[in-house]
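What follows is a set of notes on a single structure, which appears directly below.
Any read-out appearing in this document is the output of simple, stated calculations on the displayed coordinates, not a laboratory observation. Bear in mind the structure is a predicted one, so any value in this text is a computation, not a measurement. When we count neighbours, we look across all protein chains shown, and the Cβ atoms used for this are built from the backbone with ideal geometry, even at glycine.
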Amino acid sequence: MPKNKDTIFFNRELSWVEFNGRVLHEACRKEVPLLERLKFLSIVTSNFDEFFMVRVAGLKQRAETEPDWKDISNLTPKEQLTRISARVHKLVDIQYNCLNTDILPALENNGLVYVPSKNFTSEQKLFLEGIFQEEIFPLLTPLRTDNDEELPHINNLRLFIAFTLKPIIDISTLHAAFRHKAQQIPLAFVQIPTKMKRIIWLPSPENKHLFTLVDDIITYFGTQLFPGYSVEESMLFRVTRDADFAVNEDAGNNFIQAMEEVLVQRQSSLPVRLVCNKSSDTIRNILQEKLHLEKEDVYEIDGILELSSLEELWNTEGYAHLKYPQWKHFYSADFDPKEPMWDKIKQKDVLLYVPFESYEPVINFLNSASEDPGVLAIKMTLYRTSGDSPIIRAIERAARNGKQVTVFVELKARFDEKRNISWASRLQKAGVIVVHGIANLKVHAKLLLVVRREANGVCRYVHLSTGNYNEKTARLYCDMSLFTVNQEIANDATMFFNMISGYSIIQVMKQLYMAPINLKNQLVHLIEREIQHATPETPGLIMAKMNSLAHEEIIQALYKASNNNVHILLNVRGICMLVPGVKKQSENISVISIIDEYLEHSRIFYFQNGGAEEIYLSSADWMPRNLDRRVELMFPVAQEDIFKKIKDILILYFSDNTKSHYLDSTGTWIPRVPQENEEVLRAQEYIYNNFKRIHDAHIKETPTEFVVRRNDAF
């Protein structure tokens, strides 16, 4: 992402593409276990799918309607599209070179062998023909198309095989309806069955697992789909379509119907990308023309399409040595699973850091609330949750047990809309009060409030989090959450739910900061306050960890702080539009990014504040959509032991020299490696070992604390 010396902002989209470059870097590292590397390759594919459906589609729309518009990096939509295409093509080439020349051969050496159709033996052909006839053929529906017709319906992101056909019998004997078009049938399409596992295991010798793919089988036996024709050429492909639709916010009582219409639109909207293998120039050219795509929209690859469907390899027995050693999710030492959680939370605030710690306390908390006769009410937000969610089951059970349960289900959570519509309907049937949405805003805050009658009166228990109420992603995403009975936070939580679910006017909260009301202004205030405290002799310090940094006003405030004796350390997983290390702009700002076993998802903000340090956790990244167009929350960490633990973890991340990259002023992300005489430090592994030590000491009833090696800079 080369820039000139006057660059103030990096381009948002190109910065996000470079995030995938960092993920791809992990896939290409030979010291990373093979199946982990394959997983990272798969993540790159999935990430680009969403990127093209939303961001590239949006740019294409803007290129048509506002061709002269420029973003804050001074690029027009067309210029962005051109640069995106060039960089993504390069990354895809690296991705498949890594797969074909490195990972697949290495897997084969370890006994996991991919057999493409061109390598089928006679015995394998006989075996696979039986599978084709009995299990695959009945599921297939060939679709014909003529030169002068539109393509048959090709669903978004579905795998298809296209065949060019040639008659091998007297075409005049065919049905009269087709006779006059006999010479105009260049193509037929077959969709790969979506309900069938893509991997087909082959008879294998001892200590080996041979497999092929459903698409290889269909390609090989494709002639059986077209009696009277021979297959001249074939090509596997998938089309990415525009998913950047906005629901009609004025739909009123028909909002769910309007949302469902958006889901239908995605399957047949305008194409934005064609991904295909390199097997037929003829078919590729026809598809490109009929899909109205430019050459730069076509991604020809040499290898397996849609790598995420290879996840079955991950669970194949006998290959644990090709993965990282499995890390446990330790049950929080602050909770005894055999004792009620209420008393512990009343004694002190409790921090939960998943996935190093288990998500079970959150589930147990809701399960207890659903059954406890003293619990009167439960209120919570739901942005994304899992398929068979224990969270949903607990909420349903609470409602059926007579609790007053109110849940805010965000139907506009992109790509989870269908699931959330289903949950909303299911919860309503159980007696839950379901609030569907706020016009023109998404509720992205993570908040749970439980109201319980106790001997001394009513007590309110609050759970605030940086991540979703999803027990599955809680095993993969690093997030922090806080259990508390702090009265001011409980009052704020009550006001928050009143504001988003009813007609309450905007009220000032004492501990919680809410977007789009005052969260952004508070961040700017905290940055300005750091400037006021800073001097050349006693510089200020801001440390912040987030997923993305793209808000112009926040970036400008950070630039100002950098020019006024404030040192700024940023840990940004994904998009970073801030340009670090530029003289008289950002020379006191450094940016790192960590890609490792777990996805970094927590948002942590530290301000030195002249010695009166403050730390905040938040659901919000520093992006326009989070601070201006979503309902988000930021909350302070006051309890001393929790404050110290979070600060230590934050510092630790900036010391990682194994899984981190640092950003230079040209936009290049440079992998950090241990310097001479520098101890190797992998932050996630270090954090895991700390939690393991705490867990082991807790079992032995030995006092312990979270220990971090401190850098002299802090």
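Give me R426, R37 ranked fewest to most by other Cβ atoms within 10 Å of their Cβ, as a rough exposure proxy.
Least to most surrounded, the residues fall as R426, R37.
Evaluate the relative contact order of the range 514-699 (contact order divided by residue number), counting alpha-carbon pairs under 8 angstrom at least 6 apart; express in whole percent.
That works out to 22 percent.
Which of the lysines could a cross-linker span from K60 if the Cα-Cα distance has to be under 28 Å and same-chain partners fewer than 8 positions apart are dropped?
Excluding near neighbours in sequence, the set is K3, K70, K78, K90, K278, K290, K295, K412, K418, K442.
Could you list W314, W69, W669 in order of exposure, starting from the residue whose Cβ has the fewest other Cβ atoms within 10 Å?
W69, W314, W669
Could you go through the range 388-396 in sequence order and give the Karplus-derived ³J(HN,Hα) for each residue, using 6.51 cos²θ - 1.76 cosθ + 1.60 with θ = phi - 60°, rounded to whole Hz, and x for Gly and Pro?
Along the range 388-396, the couplings run 9, 7, x, 5, 4, 4, 5, 5, 4 Hz.
Return the long-range amide H neighbours of C576 (sequence gap of 5 or more, or a different chain), with a cut-off of under 5 Å between placed amide H atoms.
Amide H to amide H, under 5 Å and 5 or more residues apart or across chains, C576 pairs with L549.
Would you pull out the residues with amide H under 5 Å of V375's amide H, same chain only if 5 or more places away, H placed 1.01 Å from N?
Sorted by chain and number, the residues that satisfy this are R453.
Taking the Cα centre of the chain as origin and charging only Cβ (+1 Lys, Arg; -1 Asp, Glu), how large is the dipole, in debye to the nearest 20?
Dipole size: approximately 960 debye.
Rounded to the nearest 5, what is the percent of antiparallel bridges among the DSSP beta bridges in the chain?
The answer is about 65 percent antiparallel.
Just give me a number: lysine pairs in the range 514-699, eight or more positions apart or cross-chain, with C-alpha atoms less than 18 Å apart.
Taking the Cα cut-off of 18 Å, the pair count is 9.
Give me the dipole magnitude in Debye, nearest 20, for the range 514-699 about the Cα centre, with unit charges on the beta carbon: positive for Lys and Arg, negative for Asp and Glu.
420 debye
Multiplying the sequence separation of N74 and W201 by 0.36 nm and subtracting their Cα-Cα distance, what value in nm do you get?
40.5 nm
Please determine, in degrees from 0 to 90 and to the nearest 10, the orientation of helix 281-290 with respect to the longest principal axis defined by the Cα atoms of the chain, where the helix direction is its Cα long axis.
Computed tilt is about 60 degrees.
Helix 417-429 versus the longest principal axis of the chain: what is the Cα-based angle in degrees, 0 to 90, to the nearest 10?
Roughly 60 degrees between the two axes.
Could you rank the peptides 605-616, 49-60 by their average count of other C-beta atoms within 10 Å per residue, with the highest value first?
Most protected by this proxy first, the peptides run 49-60, 605-616.
Can you tell me the orientation of helix 12-28 relative to the chain, as the angle in degrees between its alpha-carbon axis and the longest Cα principal axis, to the nearest 10?
80 degrees
Which value in deg cm²/dmol, rounded to the nearest 500, describes the helix-derived mean residue ellipticity at 222 nm for the chain, given -39,500 (n - 2.57) per DSSP H run of n ≥ 4 and division by the residue count?
Theoretical 222 nm ellipticity from helices: -10500 deg cm²/dmol.
How large is ³J(HN,Hα), in whole Hz, for each residue of the range 213-230 in order, when computed from phi with the Karplus curve 6.51 cos²θ - 1.76 cosθ + 1.60 and θ = phi - 60°, using x for Gly and Pro?
Running phi through 6.51 cos²θ - 1.76 cosθ + 1.60 with θ = phi - 60° gives 10, 3, 5, 5, 5, 5, 4, 5, 9, x, 4, 5, 7, 10, x, x, 10, 10 Hz.
How much length is gained if the chain between E678 and K348 is pulled fully straight, taking 0.36 nm per residue apart and subtracting their Cα-Cα distance, in nm to one decimal?
114.9 nm
For the range 673-690, just list the computed ³J(HN,Hα) in residue order, Karplus coefficients 6.51, -1.76 and 1.60, θ = phi - 60°, integers in Hz, with x standing in for Gly and Pro.
10, x, 7, 4, 6, 8, 5, 5, 9, 10, 4, 4, 5, 5, 5, 4, 4, 5
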